[in-house]
Structures are given as structure tokens and as C-alpha cells.
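Every read-out reported here was derived from the displayed coordinates using simple, explicitly stated rules and does not represent laboratory data. The shown structure was predicted, so the numbers you read here are calculated from the model rather than taken from an experiment. With ideal geometry, Cβ positions are generated from the backbone for all residues, glycine too; neighbour counts draw on all protein chains shown.
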Amino acid sequence: MYKSTFKFHQVIVMGILFSSLFTSAYAQKKLLFATSNQEFYGNSKITTANTPQIRKDTIKNLDKVFSEWDNTPHKPGVAAGIIKNGKIVYLKGFGSADVNHQSPITVDTKFQIGNMSKQFTAFAILLLEEQGKLSLSDDVRIYIPQLPDFGHPITIKHLLSQSSGLADFLALKEIAGWRSKDIFTQQDALDLVLQQKKLDHIPGTKFSQTSSGLILLTEVVKQVTGQTLAAFSQQYIFQPLGMSNTLFYDENQLITPHVAASYQVEKNGLKNNHINYSIIGTTNLYTSVADLSRWYVNFENPKIGSKKLIKKLTSAVTLNDGSTTYNPTAGRLLYGQQYQHAERGVPKIWTYGLEGGYASNIFIFPNQNVTSFVLGNNNRYNGGLAMNMAIEVLGDIFPAPANIDFEKLKTIKLTAQQLETYSGHYWDNEHVSARRLYVKNDTLRYQSLDGRDENLLVPISENIFQMVVDGDDVIMVKFREEAGIMKMVYTSGESDEYIYEAYKPIKPADIVLTEFTGTFYNDALNTTYILSQNEKGLFTSNKNHPLISFIPIQADLFSSSVRNFSDIWFTRDKRKNITGFYINSDRIKNLFFEKIKH
């Protein structure tokens with residue numbers, strides 16, 4: 001079975017308490033494949049092909065992918081679908097939508113799909129572009145004049161390409177101390193975007209992982225059409241496609257039928273994992289697998305939008321200079337806010353969603369016209385299930401193995417002295433991460449600074465190593481010396497280069513920690529942090545993280561394993577007194593907190 005090799009950062013999300021209505025009648029789980037013109041499942045009317053698209057034994061194998069629910073139908077589960085050559089060939093539900101009411105998951109059950117919602121926001125913008133109502137080259141301030149003038153225009157294309165230079169509002173939300181139980185609205189998200197005082201970089205010159213652009217795009221839709229994104233999508237996308245069980249959930253107390261409850265699955269049992277926000281554009285789309293199948297069938301034979309629009313939606317975004325970006329773990333970013341990433345040598349498009357207890361995944365193999373997706377309420381990454389389904393339908397088409405056989409990999413032997421040349425500490429200032437390399441048992445090893453995730457590096461040449469990992473990802477680590485400084489270049493497949501520079505870590509004995517303690521304030525977020533010291537070093541806390549510990553990297557530079565506090569860099573005045581610090585992470589740059597004088 002397929003083993004996912006993707007590594008995901010923890011995302012802090014907020015929950016909303018909502019009421020769900022369920023049908024009391026137990027709808028028998030149905031399997032849909034292409035044998036007739038019209039078939040009904042739950043309340044869905046699905047048009048299928050006259051000619052079978054997959055074999056009956058393949059259908060049995062697809063059922064086996066979900067065998068864990070054979071004898072436990074009343075535990076949280078999933079709904080799954082397969083589309084082949086523009087036809088729905090498999091659609092089925094497994095497990096319970098509501099364990100208290102023993103309501104089964106059907107093809108009509110609604111799930112929140114998290115990041116997968118973003119493709120609908122992007123589609124709405126491209127649809128308005130196709131209708132001539134806006135241009136991707138438009139300055140966003142035409143539609144949102146309250147956005148500060150940063151001295152460089154931010155265009156709609158910059159928002160779609162995640163190259164606006166705006167800090168991620170989710171990172172700002174966490175730093176500002178919002179708790180998961182706090183109600184968080186669209187206006188709250190917009191305020192965090194609009195109150196920014198500077199950009200992290202000039203728009204269109206760099207990519208940065210940020211959802212702030214999607215929040216602004218919802219406002220663009222509103223200004224252009226006079227409708228909210230929720231209303232516009234309902235009228236011009238969902239209703240025309242017959243997606244009657246799909247909606248953007250933009251009201252905290254909205255009650256809608258057939259919604260799967262959101263669960264946290266733990267050793268001691270189940271807990272409700274409530275979602276307590278009403279933001280849309282980046283998340284909060286609820287849909288069913290029956291509706292999602294209609295959406296992806298539209299990609300093959302567009303009823304809404306043109307084939308040109310669909311092609312653009314699935315094309316790579318570019319910077320001002322025409323270059324694209326390829327994240328090592330995700331892939332190449334597309335206009336539809338999905339990613340292009342080869343699977344064992346075969347091109348695929350994919351994305352996922354993880355919000356509260358909801359988890360969703362989609363894999364599209366464009367050359368084979370196969371789409372596989374899974375939606376769930378069991379609080380786990382369902383990519384393995386979706387990929388196993390795709391493999392059953394695709395068959396043996398993959399030129400590369402599921403797992404690299406490192407025993408057969410052509411390597412060379414290096415002496416301990418040669419390996420020691422590369423041992424030491426390395427820092428990536430652009431992506432704000434530290435790594436430690438060391439030799440153990442005649443093997444070079446790669447590790448994060450907090451001691452997690454040790455990986456072996458096997459030498460391919462004197463200065464090129466391949467990382468030993470599960471799965472098919474070819475991760476290379478290359479070394480080169482520039483101006484007397486050793487540099488480590490990390491790539492995964494076709495990814496962008498992540499460049500680390502060797503540094504000499506400062507000794508704890510050389511640091512006077514009391515210098516870095518005190519109270520620090522950011523006026524834009526109206527947020528205060530108190531930095532203290534204990535026997536382990538420097539630390540702080542907020543409402544989401546009771547302990548954020550910092551490890552010294554260099555003079556005045558500390559690092560943390562908490563994502564949005566990846567590093568803090570202290571500033572000093574002419575007298576060498578600490579005046580404040582900057583927070584940096586992969587989603588935010590140079591957020592300044594000034595030290596409060598007592």
C-alpha cells in the first residue's frame with residue numbers, strides 16, 4: 001500500500017460550534033460505477049457512462065482500501081470518489097457522520113475541506129477575468145482602497161501567486177494570541193491583513209506561503225459583483241453545476257443539514273473538534289463527494305468557465321520575471337492553489353485540507369484523466385487512502401518504485417575525515433531553519449536543531465549526498481565552499497534550492513540571558529510578550545503555547561521549534577542595549593516587537 005512521504009507543518013486553526021441535522025433513515029452505502037445513464041444515491045442524481053470505465057475486480061480492490069470500516073460502521077469515517085475520463089466511476093461512504101445518532105456517511109454528507117476551498121476562490125477570480133470584469137494586472141487598491149500604500153503596487157496576480165509580500169494572517173493571528181475557542185470572523189482576518197505596515201518583500205519578486213491574498217480576493221469579488229464570495233459562488237458555480245450540498249460557511253451559527261460532525265480521535269475515545277470561525281476564501285467550504293465529483297467533471301467538459309480558464313487554473317503561477325516556484329514538500333504552485341508534484345515519475349496535481357476533525361485530499365493525474373479524492377471527519381491525513389484508490393485504477397504505470405532501494409543505489413566510500421568536513425551547524429536565513437550535521441558510525445547524519453527527524457546521508461560523490469527517506473522522493477544535499485564559508489544546498493526532486501550556510505553556534509556560557517529578558521510590544525497587533533529565563537534558557541508563552549523555548553544560534557539570534565516563532569533576532573542601540581526583536585518564520589518576516597522600558 002502507498003505510504004505518504006509528505007511532511008506537513010502543524011497548522012493552528014480555530015473551531016466553530018455548529019448544529020448539524022441528519023436524516024434519521026439509514027441510507028445504505030452505495031457504489032456508483034459506469035453501467036447506466038442515471039442512478040440515485042442519497043439525494044444525488046448522478047449521470048454516468050454507458051460503458052464501464054473500471055473492472056469489477058478493481059471495484060472490489062477499491063472497497064478493500066476502506067476495509068477498516070467493515071466491522072466498525074459507527075466510527076468517524078470517510079467518503080471517497082474516483083473520476084476517469086470525465087466520468088464518475090466510484091462514489092461511496094464509509095463510517096459514521098454522527099456517532100451519537102448513528103448516522104452513516106453517504107455521498108451527500110457534507111465535510112469541511114480546508115485548504116481545498118482555495119481553488120473555488122481562484123476559480124471565481126478567473127471567471128470574473130474571463131467575463132472582462134477585472135484583470136489580473138489590476139492594482140488591488142482599485143477594489144480595496146483601505147489597503148495601505150506600500151510604495152509598490154500589489155496586483156490580483158500577486159495575490160493568486162502568493163508573491164504579494166503580505167504576511168500570512170494565520171501567523172499574525174497566532175502571534176497575536178488568538179485561542180482556538182475564540183470566535184474568529186472574516187472581518188477579523190481582513191483587519192489582520194489591512195493593519196500591516198510593511199511588506200516582507202517587493203510584490204512579484206519572491207514567493208511566500210501566505211493566505212492573506214485569498215482573504216483580499218474575497219473582498220475583490222465583493223467589490224466587483226456586489227455579492228459575497230459565498231453568494232457569488234452559489235449563484236454562478238454551485239447551482240449551475242448542480243452542487244446542491246456545497247456552500248461557503250460564512251455564518252457562525254448557520255444550521256445546514258447532512259453535515260458530518262468533526263471528531264478528534266484519541267486513545268481514550270472520541271472528542272468533538274469544533275471549528276469556531278467563519279472565514280471564507282481560504283477555508284470553510286463544505287461539500288460532499290457527489291458534489292465534488294460534479295466539480296471535477298467540469299474540468300474535463302466545462303459547463304462553467306471555458307477550457308482556457310481550466311487550463312489556467314491548473315497552470316503554474318509565475319513571478320514578475322516569469323519564474324515558477326517548487327516547494328520541496330508540496331510541489332509547484334498552480335493558479336488553482338493546488339500543487340504539481342510527480343508521483344513516482346508520473347505528473348500529478350494535488351492538495352489537501354486539515355481543519356478541526358476534517359481531513360480531505362485530492363490527487364489528479366492529468367495525463368491519465370484520473371482523479372481520486374477522499375473527505376473525512378476522523379481527524380487524520382487521508383492522502384494514503386486517496387493515493388491507494390488512484391493506484392488501483394491507474395495500474396502499473398509508474399516508472400519509479402514506491403520506495404527507493406538504497407541498497408542498490410550507486411554510492412562511493414568516503415573517509416571519516418572527508419565526512420567530518422561537512423559536519424557542523426547550518427542556517428537557512430531565507431526559510432528560517434537550522435540544521436545540524438554530524439558523523440556517527442561512519443555515516444553523515446542530518447537533523448533539525450531540536451533533535452528530531454534524524455536522516456542518514458549517503459555519498460553519491462565527494463560533495464553530493466542523497467538523504468535516506470521512506471517513499472520515492474529524491475532528496476539531495478550538496479556542499480560547496482564560497483569565500484571560505486561552507487554552504488549546504490537542499491533539494492527535493494525538482495524543487496527550489498534551500499541554501500544553508502555553516503555557522504559556529506554561540507556557547508551558552510558566552511550569553512548573558514538576562515540581557516534578553518523583559519517586556520516587548522507590537523502596536524499593530526496590540527500584543528505583548530514577556531521573555532524570561534529558566535535553567536534551560538530563554539522562553540516565553542502565549543495562549544496557544546504554554547512554553548516557547550529558544551535555542552541560541554548566534555549572537556542576538558535565537559531559534560524555536562514553534563513554527564511562527566522560528567527565529568527572533570534582537571536589536572541593540574549604540575550603547576549595545578537591547579531595543580527589541582524581530583520575529584521571522586516561513587510565513588512572516590521582520591515583525592518587530594519593541595522593548596518596553598520600565
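Which ordering of Asp396, Asp138 is given by a fewest-first count of other beta-carbon atoms within 10 Å?
Asp396, Asp138
Along the charge dipole of the stretch 63-167, Cβ charges K/R +1 and D/E -1, which of Thr106, Leu127, His158 sits furthest on the positive end?
So the residue furthest toward the plus end is Thr106.
Find which of Phe565, Leu229, Ala483 sits farthest along the positive direction of the dipole of the chain, computed with +1 on the beta-carbon of Lys and Arg, -1 on that of Asp and Glu, about the Cα centre.
Positive-most Cα among the choices belongs to Leu229.
How big is the gap, in Å, between the Cα center of the stretch 321-368 and the Cα center of the stretch 381-406?
15 Å
Which ³J(HN,Hα) values, rounded to whole Hz and listed in residue order, are derived for the stretch 539-556 from phi using the Karplus coefficients 6.51, -1.76 and 1.60 in 6.51 cos²θ - 1.76 cosθ + 1.60 with θ = phi - 60°, glycine and proline given as x?
7, 8, 7, 9, 5, 9, 10, x, 8, 10, 9, 10, 9, x, 9, 9, 4, 6
So for Thr540, Thr121, fewest C-beta neighbours within 10 Å to most, what's the order?
Thr540, Thr121
So what's the net charge close to Thr351: Lys and Arg +1, Asp and Glu -1, counting the other residues with Cβ under 14 Å from its Cβ?
On the way: positive: Lys118, Arg332, Lys348; negative: Glu343, Glu355.
So the surrounding residues net to +1.
What ranking, highest mean first, results for peptides 210-223, 91-104, 264-277 when packing means the other Cβ atoms within 10 Å averaged over each residue?
210-223, 91-104, 264-277
Taking the Cα centre of the stretch 508-595 as origin, work out the dipole magnitude from +1 charges on Lys and Arg Cβ and -1 charges on Asp and Glu Cβ, in debye rounded to 20.
It works out to roughly 120 debye.
Which order do Met486, Met116 fall in if you start with the one that has the fewest other Cβ atoms within 10 Å?
Fewest to most other Cβ atoms nearby, the residues stand as Met486, Met116.
Mean Kyte-Doolittle hydropathy of -1.0 or higher plus an axial Cα length of 15 Å or more: which whole DSSP H helices in the chain meet both?
118-130, 212-225, 289-300, 383-394
Just to confirm a number: summing +1 for Lys and Arg and -1 for Asp and Glu over residues other than Ala316 whose beta-carbon lies under 12 angstrom from that of Ala316, what do you get? Provide the component values of the computation, followed by the final result.
Numbers: positive: Lys311, Lys312, Arg332; negative: Glu494.
In short, +2.
Counting Lys and Arg as +1 and Asp and Glu as -1, what is the net charge of the other residues whose Cβ lies under 13 Å from the Cβ of Gln162?
Details: positive: Lys118, Lys157, Lys206, Arg332, Arg587; negative: Asp168, Asp200, Asp586.
Result for the neighbourhood of Gln162: +2.
Please list, in order along the stretch 266-278, the HN-Hα scalar couplings obtained from phi with the Karplus expression 6.51 cos²θ - 1.76 cosθ + 1.60 (θ = phi - 60°), rounded to whole Hz, x for Gly and Pro.
10, 4, 8, x, 9, 10, 5, 10, 6, 9, 10, 9, 10
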